[in-house]
Amino acid sequence: MLERTRIQQALTTVEIGSTVTVMGWVRTRRDSKAGFSFIEVNDGSCLRNLQVIADRGLKNYQDEVLKIQTGCSVRVTGTLAASPAKGQEKELQAEEIEVLGWSGQDYPLQKKHHSFEFLRSIAHLRPRTNTFGAIARVRNATSMAIHSFFQERGFVYVHTPIITGSDCEGAGELFKVTALDLNHLPARQGEVDFEQDFFGRPANLTVSGQLEAEIYALALGNVYTFGPTFRAERSNTSRHLAEFWMVEPEMAFCDLQGNVDLAVDFLKYVFDYVLEKCLEDLNFFEERIDPGVIKNMESMVSQEFARITYTEAVDILSKAQAEFEFPISWGEDLQSEHERYLCERVFRVPIVITDYPKEIKPFYMKMNDDLRTVRAMDLLVPRVGEIIGGSQREDDYDRLLQRIEESHLDPEDYWWYLDLRKFGTAPHSGFGLGFERLIQLITGMNNIRDVIPFPRTPGNVGF
Ligand code: ATP
Ligand code: MN
């Protein structure tokens, strides 16, 4: 590997007067009449560029330095000096500049401001912009925050499968996985013969690691998964992706209350962590993307989250002086307009809503004694809406079987899941957090397509 100092270090810990070599990509070059050039170099280690001063005394000044364009990659060796310029403490006085890779007038990132829509069409170059560099660093720090939160509490990180034979919730929205030749499908009695397929039966991409996480929770106690999840839902919204990352803790010997407490502690921990580790990038989002994001996070750290039941929520909504597109009544699912109203107008803090009607929730959620509601929880935040969905799981064999049947699922497909209730069943709970929705909340980015490196949505699978 080539020896280099990261610009982040050069701008912070490395002392003025030191000789360093940096490598990165040129953002701009300006030439002064006095016979030297300013070259702004960014290497992705931090938001800030390092300003390089290139004097005409450099041996390749005329032949190369004056031909450097936006997008070139360079290696610069020089002395770190105190900068006379406003807004930066240090600059690099070049002793040697080598162009590692040339660029040209056709480099797409010439303008200072490109629309996010345009940038989506050049996913191979957009990480070189300030916004997408910052998002990548925030995603990285947030991932670390998630792991350290769970690791500090003794949770075991479990890798649940991406290809599964089961449909977690019977909810549809599945991507099929097959090795069959789609132009020549083997048939048997008028239907596709999956016995001839790779797995000998239909297979899908996972929509959630929950059911497998439950298996591990009922052996190891507290576990979590953090991996990609796939949903073939055609909701073309700013909050849905076909491929997204989900964090799913699952805890044995834990009830709904403990589950809610963990979710609240978890979010606060993550916000606290990124506020400490990513302040420079967050300031960028605050100034350029969404004024208020930092304060929003700081207040979520200090505020009590509201906790209400679904029944209370419907009560508030039906008395609300607001026009809803979808009228609400007990038994209907809350639409995002309702969630936002509760969060942004009524409570003005994140809300946890619990105990939903069993008809609108999946079969595995534990029935309450009223036999009408289940121990579900959704956590809603201002701006983004639902960010976490979870529940206490049904741990009673007979009730679970009944719910599987009521949901028109085949109990035989869930024999192993039922087994967990037959052999050493225990109260247990967990939730799923949409990682990209969390990143939207942290950065203030409006569209979920812009907080994942390579978004997959209906009609878009990339290059
Ligand atoms: P929604 O009603 O918003 O579609 P959901 O009820 O389908 O969400 P769950 O199945 O409970 O969501 O999934 C858990 C979490 O995963 C959600 O709270 C959300 O943060 C995230 N999530 C769900 N679907 C998507 C998606 N298509 N793209 C990105 N994140 C998602
Ligand atoms: Mn959904």
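Coordinate-derived values only; no laboratory data. None of the values given here were measured: they were computed from a predicted structure. Cβ atoms come from the backbone with ideal geometry, glycine included; neighbour counts cover every protein chain shown.
In this label model, Ala123 and Val156 are separated by 3.5 nm, measuring between points 7 Å along each Cα→Cβ vector.
Adding -39500 (n - 2.57) for every DSSP H run of four residues or longer, then dividing by how many residues the chain holds, sets the calculated 222 nm ellipticity at -8000 deg cm²/dmol. Put a dot 7 Å past the Cα of Trp330, heading toward its Cβ, do the same for Phe423, and the two dots end up 4.2 nm apart.
How about region 1-87: which trypsin sites (Lys or Arg not before Pro) there lie in a loop by DSSP and see at most 10 other Cβ atoms within 10 Å? Don't jump to the answer; show the numbers that get you there.
Values: sites: Arg4, Arg6, Arg27, Arg29, Arg30, Lys33, Arg48, Arg56, Lys59, Lys67, Arg75, Lys86; in loops: Arg4, Arg6, Lys33, Arg48, Arg56, Lys59, Lys86.
Sparse-neighbourhood loop trypsin sites (Lys or Arg not before Pro): Lys33, Lys59, Lys86.
Treating r as the C-beta distance of Glu323 and Glu287 and R0 as 45 Å, the FRET efficiency rounds to 0.80. Region 103-224 gives an Rg/Rh value of 1.15, both radii derived from C-alpha positions and Rh following Kirkwood.
How high is the FRET efficiency between Val461 and Glu195 when r is their beta carbon distance and R₀ equals 35 Å, given to the nearest 0.05?
Values: r = 29 Å, r/R0 = 0.82.
FRET efficiency, Val461 to Glu195: 0.75.
Based on alpha-carbon atoms only, what is the radius of gyration of region 173-330 relative to the globular estimate 2.2 N^0.38 Å?
Rounded to two decimals, the normalised Rg is 1.48.
Within the straight-line cut-off of under 25 Å between alpha carbons, the lysines reachable from Lys366 are Lys358, Lys422, sequence neighbours fewer than 8 places apart in one chain being disregarded.
For region 73-111, GluC sites (Glu not before Pro) are listed when DSSP marks them as loop and at most 12 other Cβ atoms sit within 10 Å of their Cβ; the list is Glu89. Potential lengthening of the chain between Ser299 and Asp396 amounts to 30.9 nm, from the contour at 0.36 nm per residue minus the alpha-carbon distance. By the rule of a C-alpha distance below 18 Å, with chain neighbours fewer than 8 residues away ignored, the aspartates and glutamates paired with Lys67 are Asp31, Glu40, Asp55, Glu95, Glu96, Glu98, Asp106. Taking 0.36 nm per residue of sequence separation and removing the Cα-Cα distance, the Phe454/Glu405 pair yields an extension gain of 13.7 nm. Of all lysines in the structure, the ones whose alpha carbon falls short of 26 Å from that of Lys86, not counting any fewer than 8 places away in one chain, are Lys33, Lys111, Lys112, Lys277.
Along its three principal directions, the equivalent ellipsoid of region 336-463 from the Cα gyration tensor extends over semi-axes of 32, 20, 13 Å, largest first. Using the basic label-point model (7 angstrom from Cα toward the beta carbon), what is the Arg348 to Ser235 distance in nanometres? Taking the simple label geometry, Arg348 and Ser235 are separated by 2.8 nm. Per residue, the convex hull spanned by the Cα atoms of region 7-101 amounts to 89 cubic angstrom.
Can you give me the relative contact order of the chain as a percent, contacts being Cα pairs under 8 Å and 6 or more apart? Spell out each step's value before the answer.
Numbers: 827 pairs, mean separation 58.5, N = 463.
Averaging sequence separation for qualifying contacts and normalising by length gives 13 percent for the chain.
Taking only the Cα atoms of the chain, the ratio Rg/Rh comes out at 1.06, with Rh defined as the Kirkwood radius. Fully extending the segment from Thr13 to Asp272 would add 90.9 nm, taking 0.36 nm per residue of separation and subtracting the current Cα-Cα distance. Descending by average beta-carbon neighbour count within 10 Å, the peptides 183-192, 199-208 line up as 199-208, 183-192, the highest first. If R0 is 22 Å, what FRET efficiency do you get for Lys33 and Glu98 from their C-beta distance, rounded to 0.05? Here the calculated transfer efficiency is 0.30.
Taking a Cβ cut-off of under 12 Å around Ser45, the surrounding Lys, Arg, Asp and Glu residues balance to a net charge of +1, with basic ones at +1 and acidic ones at -1.
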